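One structure below.
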Amino acid sequence: MSQYWSKLVHNLDPYVPGEQPKDQRYIKLNTNECPYPPSPKALEAIHAAADDTLRLYPDPNADTLKDAIADYYGVTRANVFAGNGSDEVLAHVFCGLLKHDKPLLYPDISYSFYPVYANLYQIEAQQIPLREDFRLCLGDYSVDNGGIIFPNPNAPTSMAVGLEAIEALLQTYPDSVVVVDEAYIDFGGETAIPLTAKYPNLLVVQTFSKSRSLAGLRVGFAVGHPDLIDALERVKNSFNSYPLGRMAIAGAAAAMRDRDYFETTCQQIIATRAATVQKLTELGFSVLPSAANFVFARPPQGNAEAIYLALKQRGVLVRYFNKPRINEYLRITIGTDEEMTEFLRILTEL
Ligand SMILES: *Cc1c(COP(=O)(O)O)cnc(C)c1O
């Protein structure tokens, strides 16, 4: 009954998330979730929050969560914005900080939500190609622009850029907001958050979905100059004043404060990644240097789609993108050692 749809809805091109199958148990290496459970302290806090206070609205400002994030990064509450997953934070960023007369710039191979938001908010965008070897060179961002966004490490290519390159970009475009989407930063990159003290045009976005094992809780955040945070608060309070429930605020704050558990699970994933890269290389795959909780790898024959389908048939899900430049690659999330051993055993049989 699309006659009832608005013109905007007719023109949307929605994001397609990775499969979350319900038909059988898969080894799930397709959506970059953490294979380890959330911090026990986070689970305790969530259980404790499930009480009679749920009849009351949550704190619209999620101050206890903002304080936990601010303490972790040595910033103040006024530097922190929190939202219902970093996807929601990014949506507010596109609407409140990246919609200008000049084009928004982002990499041609990158997080596929960016073009979706650009379309939703009617933002003119220009894609800047990654180099032939998939390196993101910020020096290539030489177009007059109304904003720049990129993930660091980039997805689905897994490679990170250094802070010097980011700092040079911030200095080149002091009148543009530069957004660094650090969904995977804890697996080997260097966070740009310390640069927010010096550059009022830098916004860093992070999520609890990957390195803090809480994809199901839906919590993300941004750190930057209070003026940037203010813009996001204005958008948020024009959209949904209570994006985070009581259980999400309590669980995410506890996860942020449990440094030991976080560091242990990240280190484990980094170790498993190293072993996986070595095995894949022995099997003839070319694997891009990863600073993320996934690897981007080309099978020796480039027959990525056939391998994706054969793995799926054997109960292993990885991500395949049928897109120019990357259709000979597989994106493989790093699971537990046991999951990766089983994945590599099946892959060797194939
Ligand atoms: C997973 C991911 C996100 C979204 O995370 P949520 O907090 O779960 O919404 C954002 N950006 C990139 C690059 C991601 O891979």
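The values are calculated or read from the model by the stated rules, or taken from the named source; none is laboratory data. All of these numbers come straight from a predicted model, not from anything done at the bench. Every residue, glycine among them, receives a Cβ derived from its backbone with ideal geometry; neighbour counts consider all protein chains shown. In case anyone asks, the SASA skips ligands and DNA or RNA and just uses the protein heavy atoms, side chains included. Shrake-Rupley method; radii C 1.70, N 1.55, O 1.52, S 1.80 Å.
Applied to region 224-231, the Karplus parametrisation 6.51 cos²θ - 1.76 cosθ + 1.60 on θ = phi - 60° returns per-residue 3J(HN,Hα) values of x, 4, x, 5, 5, 4, 4, 4 Hz, with x for Gly and Pro.
Taking every lysine pair in region 40-258 that is 8 or more places apart or spans two chains, those with Cα atoms closer than 27 Å amount to 12.
Mean projected area of the convex hull spanned by the Cα atoms of region 68-114, taken over all viewing directions: 4.6 nm². With the helix formula -39500 (n - 2.57) applied to DSSP H stretches of n ≥ 4, the chain reaches a computed 222 nm mean residue ellipticity of -11000 deg cm²/dmol. Backbone geometry of region 272-282 corresponds, through the Karplus equation with coefficients 6.51, -1.76 and 1.60 at θ = phi - 60°, to 3J(HN,Hα) couplings of 5, 4, 4, 5, 5, 4, 4, 5, 4, 5, 4 Hz, x marking Gly and Pro.
Over the Cα atoms of region 130-191, the radius of gyration divided by the Kirkwood radius equals 0.94; this is the Rg/Rh ratio.
3J(HN,Hα) along region 194-201: x, 6, 5, 5, 9, 10, x, 9 Hz, from the Karplus curve 6.51 cos²θ - 1.76 cosθ + 1.60 with θ = phi - 60°, whole Hz, x for Gly and Pro. Computed over protein heavy atoms with a 1.4 angstrom probe, the accessible surface ordering of 323, 198, 312, largest first, is 198, 323, 312.
Once backbone amide H atoms are built at 1.01 Å from N, residue 286 has 298 as its partners under 5 Å, excluding neighbours fewer than 5 places away on the same chain. Diffusion coefficient (Stokes-Einstein, Kirkwood radius over C-alpha pairs, 20 °C, 1.002 mPa s) for region 24-80: 147 µm²/s, rounded to a whole number.
For residue 128, the amide hydrogen comes within under 5 Å of the amide hydrogens of 106, 108, counting only partners 5 or more places away or on other chains and with H modelled in the peptide plane.
What's the ranking of 14-24, 137-147 by average number of surrounding C-beta atoms within 10 Å, highest first? Write out the running numbers ahead of the final one.
Numbers: 14-24: 10.1, 137-147: 16.2.
Descending mean neighbour count gives 137-147, 14-24.
Ranked from largest to smallest solvent-accessible area, with a 1.4 Å probe on the protein heavy atoms, 10, 225 come out as 10, 225.
For the pair region 76-126 and region 140-199, the centres of their Cα atoms are 14 angstrom apart.
Mind pulling the per residue volume of the convex hull built on the Cα atoms of region 40-258? Å³ is fine.
Details: hull volume 24.3 nm³, N = 219.
That works out to 111 Å³ per residue.
Heavy-atom accessible area, probed at 1.4 angstrom with all protein chains present, ranks 181, 63 as 63, 181, highest first. Counting only Cα atoms, region 190-299 measures 53, 32, 26 Å along its principal axes, largest extent leading. Here residue 305 sits with roughly 80 square angstrom of accessible surface, probe radius 1.4 Å.
The residues of the chain expose, per residue, 46 Å² of accessible area to a 1.4 Å probe.
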